Structures are given as C-alpha cells and as structure tokens.
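Q: Please find one structure pasted underneath; my questions will follow.
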Amino acid sequence: MAAAAGSPAVTMFTSTTDYCSCKAHRAFRFPVVHVGTAESNSFFRTRSITTARNFSSISPRSSSSVLTAAMTTDASAKVIDGKSVAKEIRDEIAAEISRMKDSIGVIPGLAVILVGDRKDSATYVRNKKKSCESVGINSYEVRLPEDSSEQEVLKHISGFNDDPFVHGILVQLPLPRHMNEQNILNAVCIEKDVDGFHPLNIGRLAMRDREPLFVPCTPKGCIELLHRYGVDIKGKRAVVIGRSNIVGMPAALLLQREDATVSVVHSRTKNPEKITREADIIISAVGQPNMVKGSWIKPGSVVIDVGINPVEDAKSPRGYRLVGDVCYEEASKIASAITPVPGGVGPMTIAMLLSNTLISAKRVNNFM
C-alpha cells in the first residue's frame, strides 16, 4: 500500500505462507566471493528470499530413535523440512488463538513499521501479513517514506508501545542510513519486542537462571527444528558459523542453554574448517554461498543452514538460483540430517514471530 503524499499509510489488516525470509541478519566476510545483497554493517548483512525446491524429507514427528537410526544407516542426509514444521506450528498457534479469543475475547496484534520502498522489505512485510491472517493475528502496518526522520519512526513506536491491542512490534530492517538503528530498536517496549532484539532480552538470554521475554526468531527456529526432529543437543559439540546479533550470537547462547559445548567461527577464526569438522551440530549464518564444503563436515553431523544466497544461473527464468552457506550436494552425502535452501530455516522465522506474538498476548492477559 502506497503512503499518501507527505504522510504515512497506516493500515490495519487481519493476516499462510510457506515462503518466508529470515530477517536481515548481520554476517561476516570470509575471504571468498560473496554473491547477494549487501547491507551496511561492520561486515555486511544479507537478506534472503525463497522459492520452491523439490527435496525428499522425513516427518518432523519422527522420534529421536527413528531419526538416529536413519542418520547412521543412510548414505545421504535426511532432509529437515522447515516448511512442514512451520505449517505444523502455525496450526498449533491458530488453535491457541481461537481458544484465547473464545475464553477472554482477546486477539493478538502485531504491528510492523516499514520505512522506504525496498522491494525485498515490502515482500517480507506482505508475507508477514499473510501469515498473521492464517493464524488469526491482527496486523497493523505503518509505511513511511525513505526520507522520514528518525523522530517520526520513534513516534509510531511510542504509539504502538501504548496501544493495548498491539502485543508485538516489528521494525523492518534495514532502515535508511540516516537513522540510528540501535536507537530505534531500543525504543520498542521490551514487553512487545517479539523480534527479541532488545538488549535486555539478549542480556537475559546470555545469563544463567534468567529468562528472556522473547528469543530472536531465526535462532529460535533453528533450535525448534532440532527439537522437532528429535536431535539430541545435550553434551554435543556444536559450531555456529557467524556471530551476528540477530542469528549467530543468540544461536550460540541457545545451544549453550541446551547444554551443548559451543564454538563460534567468525571472520578472524584461524582454521575454521578444522574447528567446524569437530561439530556434531553446525548452524551456519554468514551469507556466503556454498562456503561450507563437505570437507568441513564430520560424518553423521546435523547441519542447519540459515544462509539464502542468490547466485547467477542462466538456466533459471530469473537469471539466478538460491543456495545456502553450505554446499548442499557435498554436505548431504556426509551429514546425517540437513536443512535445504530454500525450505529449511526460512519458513521457521515467521512461524517463531507468530509464536512470540501469541506468547506476548497470553502473558499480558495472564492467559495460560
């Protein structure tokens, strides 16, 4: 929806989609050629898009013993189907929202603030609307022009902070360069920080015996995939490739909370291949196409690939195809289980955003 001249468009809509992109995540640069959309950060950020791809998969309902047996006997990795798990989670959320509406008359509300006219950001917001609609969440949207002031954005955040019908606030990234991203993200009330980016939420995530109100959506989705596929995390060696605030760092903290022994590989790490090859569980979030080769992977490990990178492909109608950070063709012959790209982590990000919004609405209304 286009904004009226000189003023933002404020739209209320009630908003599934198997397509979802993870929120722009900060990444780091290895000494390889990056193909994708670069955004401002100490290294760079990447955004992601997904398309359909045909992969075989195992059921997310598989028990741990069944998955373990399959992992150790098959010559190729089992596919961790994020689209299927995300659909299952949305169904669970929809049922819970219906129960809450019938019991206390409350419908969760999610507000999105979009600044500028980036096509990728508009696409992400549109898919969030559809996902909200599919589960019964009310969505509110503010669209501001590219040259809006930081104060205008802060004004809308303040309004949503005070609105009892809004239980979650999301500021779509990236913001225009003239805005201070941290000032804007920090202005979101911690009780409505469904992205999990507020420093107090991250601080609580990092501390033992403290619980954050919300966990960042993409890393939360990674751990949920491991849980739903019966992958045992406790006592395992885990490697997270990437140390961004949005994916890598919170993913490492979540794995530690699950009693894994965690190493973080980043742009200054020496011998990243050797360290990664020791891992039972790998989460890669760097935005580097096919960076992680089969030689980086220990036989039988579980690979969660967060990266979604467009690479040139003359055979594709669009002129490109999508690949992950991990070389799928090589890794799938060595790992025991792996997420595809697309169709792995991507769909889980919005599912976790919906889950966080529901959690917020239940918490403020003391609804169990």
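The values are calculated or read from the model by the stated rules, or taken from the named source; none is laboratory data. Source: prediction; values computed, not measured. No Cβ is skipped: glycine too gets one built from the backbone with ideal geometry, and neighbour counts run over all protein chains shown. Note: areas computed on protein heavy atoms with side chains; ligands, DNA, RNA excluded. Shrake-Rupley method; radii C 1.70, N 1.55, O 1.52, S 1.80 Å.
Q: Run N365 past the list (1) under 25 Å from V215 (Cβ atoms); (2) open to solvent by less than 20 Å² (accessible area, probe 1.4 Å) and report the number of the one that doesn't hold.
A: Checking N365 against (1) under 25 Å from V215 (Cβ atoms); (2) open to solvent by less than 20 Å² (accessible area, probe 1.4 Å), the one that fails is (2).
Q: Next question, about the same structure. Considering only region 190-226, state which residues are under 25 Å from S301 (Cβ atoms) and of a type in the set (K, R).
A: Of everything in region 190-226, just one residue is under 25 Å from S301 (Cβ atoms) and of a type in the set (K, R), namely K220.
Q: Name the residues in region 335-368 that are closer than 20 Å to D325 by Cβ and not aliphatic (A, V, I, L, M), would you?
A: Scanning region 335-368 gives S336, T339, P340, P342, G343, G344, G346, P347, T349.
Q: When region 188-204 is examined, which residues are found to be open to solvent by 20 Å² or more (accessible area, probe 1.4 Å) and aliphatic (A, V, I, L, M)? Write out each step before concluding.
A: The initial filter retains those residues of region 188-204 that are open to solvent by 20 Å² or more (accessible area, probe 1.4 Å), namely 189-192, 197-200, 202-204.
If the condition is that a residue be open to solvent by 20 Å² or more (accessible area, probe 1.4 Å) and aliphatic (A, V, I, L, M), then I190, L200, I202 are the ones that fit.
Q: Return the residues of region 160-204 that are closer than 16 Å to E141 by Cα, more than 20 Å from the chain's Cα centre (by Cα) and outside any loop (DSSP other than H, G, I, E, B); say none if nothing qualifies.
A: F160, N161, D162
Q: Let me ask something additional. Of everything in region 125-159 that's touching a Leu at 6+ places or on another chain (Cβ under 9 Å) and either among the aromatic types (F, W, Y) or not in a helix (DSSP H, G or I) (or both), which residue is nearest to D91 (Cα to Cα)?
A: The selected residue is I137.
Q: Ok, one more. Got at least one residue in region 81-88 being modelled with pLDDT under 95, among the β-branched types (V, I, T) and closer than 30 Å to I282 by Cα? Walk me through it before giving the result.
A: If we filter region 81-88 for residues that are modelled with pLDDT under 95, which is where we start, we get none.
No, that holds for no residue.
Q: Right, something else. Take the residues in region 272-305 that are among the small types (G, A, S) and on the phi > 0 side of the Ramachandran plot; name whichever of them is surrounded by the most Cβ atoms within 10 Å (Cβ to Cβ). Break it down into steps so the answer makes sense when it comes.
A: Taking region 272-305 as the starting set, the residues that turn out to be among the small types (G, A, S) are 279, 284-285, 287, 294-295, 300-301.
Still in the running and on the phi > 0 side of the Ramachandran plot: 287, 300.
On the way: G287: 33, G300: 14.
Here the residue is G287.
Q: Condition test on S360, is it touching a Phe, Trp or Tyr at 6+ places or on another chain (Cβ under 9 Å), open to solvent by less than 40 Å² (accessible area, probe 1.4 Å) and of a type outside the set (D, E)? Walk me through it before giving the result.
A: Working: touching a Phe, Trp or Tyr at 6+ places or on another chain (Cβ under 9 Å): yes; open to solvent by less than 40 Å² (accessible area, probe 1.4 Å): yes; of a type outside the set (D, E): yes.
Yes: the conditions hold for S360.
Q: Which of the residues spanning region 309-325 are assigned to a loop (DSSP other than H, G, I, E, B) and open to solvent by 10 Å² or more (accessible area, probe 1.4 Å)?
A: Filtering region 309-325 down to residues assigned to a loop (DSSP other than H, G, I, E, B) leaves 313-319, 324-325.
Of everything in region 309-325, those that are assigned to a loop (DSSP other than H, G, I, E, B) and open to solvent by 10 Å² or more (accessible area, probe 1.4 Å) turn out to be D313, A314, K315, S316, P317, R318, G319.
Q: Here's a follow-up. Looking at S158, S149 in this structure, which one is surrounded by fewer than 17 Cβ atoms within 10 Å (Cβ to Cβ) and under 18 Å from H198 (Cβ atoms)? Give the derivation first.
A: Values: S149 fails: under 18 Å from H198 (Cβ atoms).
Going through S158, S149 in turn, the sole match is S158.
Q: Can you tell me which residue in region 326-340 is nearest to G307 (Cα to Cα), limited to those that are open to solvent by less than 10 Å² (accessible area, probe 1.4 Å) and of a type in the set (A, V, I, L, M, F, W, C)?
A: Initially, region 326-340 is screened for residues open to solvent by less than 10 Å² (accessible area, probe 1.4 Å), giving 326, 331, 335-340.
From the residues that got through so far, the ones that are of a type in the set (A, V, I, L, M, F, W, C) too are 326, 331, 335, 337-338.
Values: V326: 8, A331: 14, A335: 17, A337: 16, I338: 13 Å.
Among those residues, the one meeting the criterion is V326.
Q: Moving on to the next point. Determine the pairs where a residue that is over 7 Å from F214 (Cβ atoms), located within region 187-203, has a partner that is of a type in the set (D, E) with Cβ atoms under 8 Å apart, the partner being 6 or more residues away or on another chain.
A: What qualifies is V188/D195.
Q: OK, next. Inside region 205-235, can you point out the residues that are part of a loop (DSSP other than H, G, I, E, B), open to solvent by 10 Å² or more (accessible area, probe 1.4 Å) and over 25 Å from V112 (Cβ atoms)? Give the derivation first.
A: Of all residues in region 205-235, those part of a loop (DSSP other than H, G, I, E, B) come to 207-216, 229-235.
Checking which are open to solvent by 10 Å² or more (accessible area, probe 1.4 Å) leaves us with 207-213, 215, 230-232, 234-235.
Of everything in region 205-235, those that are part of a loop (DSSP other than H, G, I, E, B), open to solvent by 10 Å² or more (accessible area, probe 1.4 Å) and over 25 Å from V112 (Cβ atoms) turn out to be M207, R208, D209, R210, E211, G230, V231, D232, K234, G235.
Q: Would region 125-134 turn up any residue that is farther than 27 Å from F367 by Cβ and hydrophobic (A, V, I, L, M, F, W, C)?
A: Scanning region 125-134 turns up at least one residue that is farther than 27 Å from F367 by Cβ and hydrophobic (A, V, I, L, M, F, W, C).
Q: Does P340 satisfy the criteria of being part of a loop (DSSP other than H, G, I, E, B), within 23 Å of D232 (Cβ to Cβ), of a type outside the set (G, A, S) and in contact with a strand residue (DSSP E or B) (Cβ under 8 Å, 6 or more places away or on another chain)?
A: Values: part of a loop (DSSP other than H, G, I, E, B): yes; within 23 Å of D232 (Cβ to Cβ): yes; of a type outside the set (G, A, S): yes; in contact with a strand residue (DSSP E or B) (Cβ under 8 Å, 6 or more places away or on another chain): yes.
Yes; evaluated as a whole, the condition is true for this residue.
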